[in-house]
Amino acid sequence: MTRRYHASDLDRLFRRCGARIKRPWRTMPDGRIKHRHPFCRLRPMPGKTRCRYHGGLSTGPKTDEGKAACIEGRRRWLAELRAKGAKVPSGRKSGDAWVTTGMRGKRVAEEAERAARLEAERLAAIPPHVREAQAVIEKIHLFQERLAAERWQREGLPVLLGRLNEERKAAQAVALREAEREARRRAEAWVAEFNRQARGPLV
């Protein structure tokens, strides 16, 4: 039985950590420089958005003092950004990083629905007599295709099978002649070897 996956299952299956790697290259022992992906490609921890190497094992602050320190640290960081006049990083990710599997499926369904609606509008804009003529032409084409298929079954297929049978017989005859020629060559070689051994060395 084929298993059906939900959109959330597929999203977890194809999701990656995505943390930016500080050094997207590595120096090999022989001096070569090996480049790698600038973002982490490991799968995140269950229930998390990061892998075990980029914060996936972190539980976050649990005590009240830890939570208060975390909030205070964020306030201090925002104050520093405002003092510098820098922009606070927020909003969705750029590119396709923010698009989930469910969003892709919804977009595909919307495009299919839009195409069906446009096709229905196009057919509705065609006058009735033109639609009837197109239907008659389509029936004629289908009838011609069916006649061609029946003619092929009645005339073309037997001819093709006859040609294939003749080619098969010719190939079998060639293979038989080759086998007879090889058997004759081996027999002659065996007789010559037997005669040579039967004479023996001259004393």
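The table for this structure:
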read-out	value
Residue, surrounded by the fewest Cβ atoms within 10 Å (Cβ to Cβ), within segment 56-85, restricted to residues that are of a type outside the set (V, I, T) and not in a helix (DSSP H, G or I)	G85
Residues being touching a Gly at 6+ places or on another chain (Cβ under 8 Å) and farther than 15 Å from F14 by Cβ - total across segment 35-56	3
Complete set of residues in segment 21-55 that are exposed (fewer than 10 other Cβ atoms within 10 Å of the Cβ) and more than 20 Å from T100 (Cβ to Cβ)	K22, R23, M28, P29, D30, G31, R32, I33, K34, H35, H37
Q134 assigned to a helix (DSSP H, G or I), closer than 30 Å to E119 by Cβ and modelled with pLDDT under 85	yes
Number of the condition not met by R50 [criteria: (1) basic (K, R); (2) free of Cβ contacts under 8 Å to residues at least 12 places away in the same chain; (3) assigned to a loop (DSSP other than H, G, I, E, B)]	(2)
Yes/no for G105 being more than 24 Å from P24 (Cα to Cα), assigned to a loop (DSSP other than H, G, I, E, B) and out of contact with any Pro (no Cβ under 8 Å at 6 or more places or on another chain)	no
Within segment 137-175, considering residues that are of a type in the set (S, T, N, Q) and at pLDDT below 85, the one farthest from the chain's Cα centre (by Cα)	N165
Any hit, segment 110-123, residues being touching a Lys or Arg at 6+ places or on another chain (Cβ under 8 Å), surrounded by 10 or more Cβ atoms within 10 Å (Cβ to Cβ), at pLDDT below 85 and of a type in the set (A, V, I, L, M)	yes
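The values are calculated or read from the model by the stated rules, or taken from the named source; none is laboratory data. Note that the coordinates shown come from a computational prediction; the quantities given were computed from them, not determined experimentally. Cβ sites come from the backbone with ideal geometry, for glycine too, and all protein chains shown count toward neighbours.
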